[in-house]
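Reading through the structure tokens given below for one structure.
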């Protein structure tokens, strides 16, 4: 990011007066409203997301968590409410929340133009669901949102409205192995067992004109809360949805591990200390239903729909790694 861009973010009180940004935030309002309407029509209950708690999602790709003193006890600011979705699913079978998240991203993430240190996502969970069922839900939701935004925000979209298409269903699916092989043929090396690097993911995204899924990541690439495939050891029941045109990851989710013994084993294997997750493990001992779900970043969805170069133009008050902006 250039020095001029730094200064622009620090003077957001001036740049917010730009009509282009105003149009973006009107579109964002329509995006959030259309997601709510869609999920309500699918029988979901909206809940309030936690902001702090004893633990939060550790699977945040090199970002750091924020810890505060909560009456003498160290509490985490939520990097994701995934553990709490497993809690609520015992009483409400289909839930979603507009969830705020804090992740102190490495400085180099600024170069991706799609990382914020403060962001929001629609986090949803469905009891007894399979990956295939929530993936289909995600496809239907994205198509509904784009269709509604094109209908309601024609003026605000401007020229982007001509190139923004409602995706064709079903979306193409690649396994992790297939995606790695495609990248290899593109001249990009991905170490098996690790997350697909951001630059490789962007290259794969640029090679597509429609959204697509990457499924079945290796167990070493993801957090302990994803369920291992019973027929394919070391492979997870999980998925990412990737936007086309170079916009990168849209959705991340999968089926949850809900069995106490299996989850404790996974914690040790992933380097997590089970003693840090007291309430969570007690909950699993008490028993919770199996479930599947995902999170979709609101700012990234806004960036894709509006065709924005930078994600910090998809949020009124952006927080970007290394920039102490308002």
Quiz prompt | segment 3-313: equivalent-ellipsoid semi-axes (sqrt of 5 x gyration tensor eigenvalues, Cα, Å) | solution = 30, 23, 21
Exercise. With N denoting the number of residues in segment 156-204, provide Rg(C-alpha) divided by 2.2 N^0.38 Å, to two decimal places.
Key: 1.55
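From the C-alpha coordinates alone, can you work out the Kirkwood hydrodynamic radius of segment 157-296, in Å?
On the way: mean 1/r = 0.0600 Å⁻¹.
Hydrodynamic radius (Kirkwood, Cα only) of segment 157-296 equals 16.7 Å.
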Practice problem: Could you tell me what % of all Cα pairs in segment 20-81 have separations over 19 Å? | Solution: 57
Quiz item: Sorted from fewest to most neighbouring beta carbons within 10 Å, what does the list 21, 39 look like?
Solution: 21, 39
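With runs of 4+ DSSP H residues as the only contributors, calculate the mean residue ellipticity of the chain at 222 nm using -39,500 (n - 2.57) per run, divided by the residue total and rounded to the nearest 500.
-10500 deg cm²/dmol
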Self-check item: Cβ-based exposure ranking for 18, 240, in which fewest neighbours within 10 Å come first
Solution: 18, 240
Exercise. Would you mind classifying segment 1-141 by shape? Square roots of the alpha carbon gyration tensor eigenvalues, ordered a ≥ b ≥ c; an a/c under 1.5 is rounded, otherwise it is prolate if a/b is larger than b/c and oblate if not.
Key: oblate
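Every number in this text was worked out from the coordinates using simple rules, so none of it is lab data. Note that the coordinates shown come from a computational prediction; the quantities given were computed from them, not determined experimentally. Ideal geometry is used to build each Cβ from the backbone, glycine not excepted, and the neighbour counts take in all protein chains shown.
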